[in-house]
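The values are calculated or read from the model by the stated rules, or taken from the named source; none is laboratory data. None of these values were measured; they are calculated from a predicted model. Because the Cβ atoms are built from the backbone with ideal geometry, glycine has one as well, and the counts that use them run over all protein chains shown. All accessible areas refer to the heavy atoms of the entire protein, side chains included, with ligands and DNA or RNA removed. Shrake-Rupley method; radii C 1.70, N 1.55, O 1.52, S 1.80 Å.
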Amino acid sequence: MAVSTEIISPEALAQQGEYMDRVRAWWASQGVTPRAYIDTYGCQQNEADSERMLGMLLEMGYQAQEEPEGADIIIINTCAVREHAEQRVFGNLGALTHTKRRHGGQKIFFTGCMAGQQIVVDRIRKSYPHVDCVLSSHAQWQLPELLYHSLTGSKRQFVTPDKGNIAEGLPVARKGQLKGWVSIMYGCNNFCTYCIVPYVRGRERSRQPEDIVREVREMIDSGFKDITLLGQNVNSYGKDLGLGVDFADLLRMLSELPGDFVLRFMTSHPKDASKKLFDTMASSPKIAKHIHLPFQAGNDRVLKAMNRSYTSGQYLELVRYAREKMPDLVLTSDVIVGFPGETDEEFEDTLKLVEQVRYDALFTFIFSPRTGTPAAKMDDPFTKAQKQARFDRLLETQNRISQEKHSAYVGKTLRVLVDGQDGEFLTARTDGGRLVRLEGDPALVGTFQNVTITGNTTWSLTGSIEEA
Ligand code: SAM
Ligand code: SF4
Ligand code: F3S
């Protein structure tokens, strides 16, 4: 079913352009070059949003700086996925009272996923009076207007629409020159029972394929070599557009663009990962042979309680098919330990699945209750210590597997992107993101090379470049 999405109109965007001019003129009248600091928490989606906000700030005449001290604007782009992430934000936010006192006129803007929770907005209103503006992710495109009002008036602003939108054509200041993110869709419809993301990021909305193709082509033309397509569940790309273009189609379109580059994507939900997707990945050398496919739990009762919509058997079948098509596929995943009511026996199924699949890397989390999600209200008789013990076992298991897989690279030949220099060595990354140290000419930075892996340490591989 097509879901209506608010597309920010060209007129509304042009109005923000006018506010950009006004902010620039305001600073010119002060005879000052303003400085901006953005503190980004959470996932790549937030990194991409911060790059857009920085793009807008640069257009308004700001210069970027790497620390809060002395900045004319501090933007805190927050993550709400686990309690620990929120605590860190509140701790750092408290410390900014002093920073602000030392720099009269400093503006503090609070945005990201925490700003999408009413409970957080209320707390900031009451207990953090030094925050000048709270804007949820959905309001970031209005940054120029909010900043202008903040500079020219003293009132605090709280702009937290809960309806998602798509704003095309905003400036982007990307951090790197070789690797970059492209959001292909926003929001999530899945409502996994533990997860806050659908509440703070809104419903799934896909960008038009031609807008994505244009952005990726521009990146390739300006020298980007490693492009990651972002979405909470990229495999449901296009369902809301009704154009008959799914994620595999989009991936194929992008992989057919001319140039020497590699495409990656994250995250893939197993319920929507299709054989067509794996066939497409296998068919193009421009698509990295890596998939991040979170399984979350190995037990079917727990998966059902999480509302994940697949069984461990279905998941294993996907992995089998993917590896049949791509024998060297790098597979990574997320897993949650201690979902409410998960028993020791049920946790054993998670360990079993990890042993069976043998992931290259695993991101492991202890369940963190998020207010407003169904799982936060579920009975949970297990203690923190019990969960920690399970977590430690899982980590031990995965560390052993990661190490074994890491050692198994020795002797293989891989295509890597040379991405920098570290002392006398060149650094490069494999399809799966592993660091390889090489000897070679610094002029090779930014090129793809075939390398033979000659050795390994705990965290990196060493290799030598093959003669062309
Ligand atoms: N959309 C992606 C997916 O479905 O896999 C990932 C989204 S989430 C930002 C990243 C990971 O955080 C999830 O895969 C999950 O393992 C973990 N996570 C989400 N909510 C959590 C919670 N309440 N407690 C612990 N871990 C959580
Ligand atoms: Fe959260 Fe599930 Fe959506 Fe991922 S798919 S963002 S875990 S609700
Ligand atoms: Fe965190 Fe929001 Fe990403 S909750 S993990 S920053 S989508």
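Of the residues making up the stretch 385-397, not a single one is assigned to a loop (DSSP other than H, G, I, E, B) and either hydrophobic (A, V, I, L, M, F, W, C) or touching an Asp or Glu at 6+ places or on another chain (Cβ under 6 Å) (or both). Of all positions in the stretch 430-437, at least one carries a residue that is assigned to a strand (DSSP E or B), more than 30 Å from E83 (Cβ to Cβ) and open to solvent by less than 60 Å² (accessible area, probe 1.4 Å).
Taking the criterion of being surrounded by fewer than 19 Cβ atoms within 10 Å (Cβ to Cβ), of a type in the set (D, E) and touching a residue at least 12 places away in the same chain (Cβ under 8 Å), the residues of the stretch 291-343 that qualify are D300, D328, D334.
A quick yes/no check of all residues on (1) closer than 25 Å to W181 by Cβ; (2) not in a loop (DSSP other than H, G, I, E, B):
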| position | (1), (2) |
| --- | --- |
| E66 | yes, no |
| E86 | yes, yes |
| F90 | no, yes |
| M114 | yes, yes |
| D122 | no, yes |
| K126 | no, yes |
| L143 | yes, yes |
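Within the stretch 279-292, is there a residue that is closer than 30 Å to P374 by Cβ, assigned to a helix (DSSP H, G or I) and more than 16 Å from ligand 3 (Cβ to nearest atom)? No, that holds for no residue. The set of residues from the stretch 344-376 being within 13 Å of ligand 1 (Cβ to nearest atom) and either outside any loop (DSSP other than H, G, I, E, B) or open to solvent by 30 Å² or more (accessible area, probe 1.4 Å) (or both) comprises T350, L362, F363, T364, F365, I366, P369, T371, G372, P374, A375, A376.
For the stretch 25-46, a residue qualifies if it is within 16 Å of ligand 2 (Cβ to nearest atom), assigned to a helix (DSSP H, G or I) and open to solvent by 40 Å² or more (accessible area, probe 1.4 Å), and exactly one does: Q44. Looking at the stretch 417-427, can you tell me whether even one residue there is in contact (Cβ under 8 Å) with a residue 40 or more places away in the chain, in contact with a Lys or Arg (Cβ under 9 Å, 6 or more places away or on another chain) and at negative phi? Yes.
Tell me which residues, restricted to the stretch 380-403, are hydroxyl-bearing (S, T, Y) and within 27 Å of the chain's Cα centre (by Cα). Listed by number, the residues that qualify are T397, S402.
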